[in-house]
Amino acid sequence: MARLTYYGHSAFMLELDGKKILIDPYLSNPMSPVKPEDITDVDLVVLTHGHGDHLGDAITILKRVKHAKAVAIFELANYVGEQIGDPSRAIGGNIGGPMHVDGLKIALTTATHSSPYGAPTGVVIMGEEGRVYHAGDTGVHMDMMLIGEIYKPHIALLPIGGHFTMDPVEAAKAVELLKPKVAIPMHWGTFPVLYGKPEDFKKLVEEKGLGTEVVILKPGESYEFKF
């Protein structure tokens, strides 16, 4: 059984096909129930872009967990490899066909945002137990239709906070484009400027009659799945 555990903001631990994958590990965020020093076992640290609330505590964690690898767009992966003093543990790719990493397929996807290191991305992580799309920070865009068509994610992790990313209205449209079985809101409530509410997102998705289940996770809660 695979599992997603939410750590607040856009940080998740994904346990898939026996691998532990930490996504956008900003664990020093005020909502997180765990701190960077609590992460002692992780296989991959996947980064969508280089902003501090997504790169977060990745370098601290990778310096301590010596077997873990970073996966990110090429420029960000190079930066992380330099910072941890071991470029061999940083796997850089680009937007396009999936990378093959430790038995998983990991595809970097378009995101409409900004980043200090290379282009911002989303990411689809694919294994035998399921396919998970983490949208990173983004506004809604029509490439989401292609992401849904090509990669067919079972679960979509979507930012809903507004101001820097989609709000509930845009995120509900993203669900319509992606057609996942499950949508989980993220990037909400961390700071006052993030006004989007997960309950509003859930209501909007349900009103569209899309058949997608919206699962609202509070920081520290998990969702188990196998598709």
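Just so it is clear, none of the values below were taken in a lab; they were calculated from the coordinates. If you're wondering where the values come from, they're calculated on a predicted model, not measured in any experiment. In this analysis, Cβ positions are derived from the backbone assuming ideal geometry, glycine residues included, and neighbour counts consider all displayed protein chains.
Taking the fewest neighbouring Cβ atoms within 10 Å as the starting point, the ordered list for TYR223, TYR7 is TYR223, TYR7. Here the residues ILE160, ILE84, ranked from fewest to most Cβ neighbours within 10 Å of their Cβ, fall in the order ILE84, ILE160.
For the chain, report the % of Cα-Cα distances exceeding 27 Å.
I get 23 percent for the Cα pairs in the chain exceeding 27 Å.
Between ASN78 and LYS181, the distance separating the two model label sites (each 7 Å from Cα on the Cα→Cβ line) works out to 4.0 nm. What are the lysines whose alpha-carbon lies under 17 Å from the alpha-carbon of LYS19, with same-chain residues fewer than 8 places away excluded? The reachable lysines, counting only those whose Cα sits under 17 Å from LYS19, are LYS66, LYS69, LYS105, LYS226. Simple point charges give the picture: +1 on the Cβ of Lys and Arg, -1 on the Cβ of Asp and Glu, and for the chain a dipole about the Cα centre of about 220 debye. Binning all Cα-Cα separations of segment 97-189 at 10 Å, short to long from zero, yields these whole-percent fractions: 18, 52, 27, 3. Taking Cα centre as origin and charging only the Cβ of basic (Lys, Arg, +1) and acidic (Asp, Glu, -1) residues, the dipole magnitude of segment 129-194 rounds to 200 debye. Each principal axis of segment 13-119 carries a Cα extent, and these read 33, 30, 26 Å when sorted largest first.
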